Amino acid sequence: MELSELKAFARQEEIEINWDKLDSDPFYADDFERVVQSAVNHIPQLEQLHTKLTAGESVAFEGQASPLKFMDLESYLYLVETELFAAYQIQDVHERYHLIKSITHLSS
């Protein structure tokens, strides 16, 4: 699956944000932001792995063909796509969270 398709598919599965908990518990809000930001920060590395695996390139040695067999490549690609799917969902939550926070901050 292409990255753009994976991202679009992941964003269709909207995750609800527990605004009441975020507003009432500053420690929870801090943890939420830290965890979400950490997940978003890993997206470029996951995308790079996905690109190399789909191209049959080695992920360890630049410019070389992957030494993995087809079934192994497919298995790793599935794992990376699963992680990317979750990361794209978290990225969507992150973007909505900051957008809504900025809107509510402006109106208060």
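Okay, residues lined up against (1) within 20 Å of Tyr76 (Cα to Cα); (2) out of contact with any Leu (no Cβ under 9 Å at 6 or more places or on another chain); (3) basic (Lys, Arg); (4) at pLDDT below 95:
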| residue | (1), (2), (3), (4) |
| --- | --- |
| Glu13 | no, yes, no, yes |
| Ile17 | no, yes, no, yes |
| Asp20 | no, yes, no, yes |
| Pro26 | no, yes, no, yes |
| Ala39 | yes, yes, no, yes |
| Ile43 | yes, no, no, no |
| Glu47 | yes, no, no, no |
| Ala55 | yes, yes, no, yes |
| Ser58 | yes, no, no, yes |
Next on the checklist: Anything in the stretch 60-97 that is touching a residue at least 12 places away in the same chain (Cβ under 8 Å), among the aliphatic types (A, V, I, L, M) and more than 30 Å from Asp20 (Cα to Cα)? List them, or say none.
Outcome noted: Leu73, Leu77, Val80
Checklist entry - Between residues in the stretch 47-59 that are farther than 19 Å from Ala86 by Cβ and in a helix (DSSP H, G or I) and residues that are among the acidic types (Asp, Glu) and modelled with pLDDT under 95, which pairs lie under 9 Å by C-beta distance while being six or more apart or on different chains? => result none
Checklist outcome for this item: Subset of the stretch 21-46, residues under 14 Å from Ala86 (Cβ atoms), of a type outside the set (Val, Ile, Thr) and surrounded by 13 or more Cβ atoms within 10 Å (Cβ to Cβ), comes to Ala39, His42, Leu46
Checklist entry - Out of all the residues in the stretch 13-29, which are more than 22 Å from Tyr88 (Cα to Cα), out of contact with any helix residue (DSSP H, G or I) (no Cβ under 6 Å at 6 or more places or on another chain) and part of a helix (DSSP H, G or I)? => result Asp20, Asp23, Ser24, Pro26, Phe27
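The values are calculated or read from the model by the stated rules, or taken from the named source; none is laboratory data. From a predicted model like this one, the values you see are computed outputs, not experimental measurements. Counting neighbours? That spans all protein chains shown, and the Cβs are built from the backbone with ideal geometry, glycine included.
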